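**Student:** Take this structure first; my questions come after.
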Amino acid sequence: MNIIKLNATDSTNTYLKLLVNKTNVVDQTVVLAEDQQRGRGQMGNGWLSRKGQSLTFSVFKSFKGVMAEDQFMISMAVSLAIINAFKTFGLPKVSIKWPNDILSGNKKVAGILIENVLEGATVKYSVIGIGINVNEMEFPSLPQASSLKLEIGKSLELEEVLHAVLKNMFDKFELMTTQNFSDLRNVYEQNLFRKDIVSVFENKEGQHFNAIIKGISGIGELLIETENKAIEPFQIKELKLIY
């Protein structure tokens, strides 16, 4: 594992992608920023991070044999790795808010942004960006955000959290060589936030409706049971969970 530490950068994902385009990057290279100024989340959302209190890093991972239609396996593996790491620190009620937010209770403590590069019908490599709220104590205007410190009740060493997450992640990637999509999906679904509970959703037209999360499809869509008992698949831009 090769770790590149930066004092500051706009986005560790952007930095790592530019590095990949310019040179031969070693597999499992990690870019860690002490101060990430323009972090990105899913669908163009920003990611708030505070210098010395949070972790913002990106991982380069090459793959062999992961089919393009199975690329959500990478997201599942990363989410489950972070959950496993957080459990070792005693984080309570940890779950995955589809597709890749990590919660404690109903508060977001970590986010993931995965950018896959395909070669033919397979995934060539991924740039995996992770932001973790570790020791922050205040989240102005972000009522659904929290940190490991707030939820656990004590400060944590950033380096310790980083290495726990990376170890679990690389272990999960090793297991991916012997697991199929269904194996990972079963465990992922067991950790889904609000699975089998009536929840309020918002569709892309802005309309609210009640439905129940039942799982994910073979390509990572969220499967929900609507009020007429039909199971419908939704992609990330088509649906928002209101709680």
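The values are calculated or read from the model by the stated rules, or taken from the named source; none is laboratory data. These figures come from a predicted structure and were not determined experimentally. As a convention, Cβ positions derive from the backbone with ideal geometry for all residues, glycine included, and neighbour counts pool all protein chains shown. Just the protein is used for accessible areas: all its heavy atoms, side chains included, with ligands, DNA and RNA removed. Shrake-Rupley method; radii C 1.70, N 1.55, O 1.52, S 1.80 Å.
**Student:** Of the residues in region 176-225, how many are assigned to a loop (DSSP other than H, G, I, E, B) and open to solvent by 20 Å² or more (accessible area, probe 1.4 Å)?
**Tutor:** So the count comes out to 16.
**Student:** Return the residues of region 57-101 that are under 12 Å from Asn168 (Cβ atoms) and surrounded by fewer than 19 Cβ atoms within 10 Å (Cβ to Cβ); say none if nothing qualifies.
**Tutor:** Selection gives Asn84, Lys87, Thr88, Phe89.
**Student:** Pairs under 6 Å by beta carbon, first residue farther than 18 Å from Gln28 by Cα in region 148-166, partner at pLDDT 95 or above and of a type in the set (D, E, K, R), six or more apart or different chains?
**Tutor:** Pairs that qualify, where the first residue is farther than 18 Å from Gln28 by Cα and the partner is at pLDDT 95 or above and of a type in the set (D, E, K, R), are Ser155/Lys149.
**Student:** Which of the following residues is open to solvent by less than 20 Å² (accessible area, probe 1.4 Å) and within 20 Å of Ile96 (Cβ to Cβ): Asn133, Asn168? Please lay out each step first, then the result.
**Tutor:** Numbers: Asn168 fails: open to solvent by less than 20 Å² (accessible area, probe 1.4 Å).
Of the residues listed, the single one that is open to solvent by less than 20 Å² (accessible area, probe 1.4 Å) and within 20 Å of Ile96 (Cβ to Cβ) is Asn133.
**Student:** Another question about this same structure. Counting only residues that are touching a residue at least 60 places away in the same chain (Cβ under 8 Å) and within 18 Å of the chain's Cα centre (by Cα), which one in region 219-243 is farthest from Gln71 (Cα to Cα)?
**Tutor:** For region 219-243, the residue satisfying everything is Leu241.
**Student:** While we're on this one: Residues in region 136-165 that are under 30 Å from Gly65 (Cα atoms) and open to solvent by 10 Å² or more (accessible area, probe 1.4 Å): how many?
**Tutor:** The total comes to 2.
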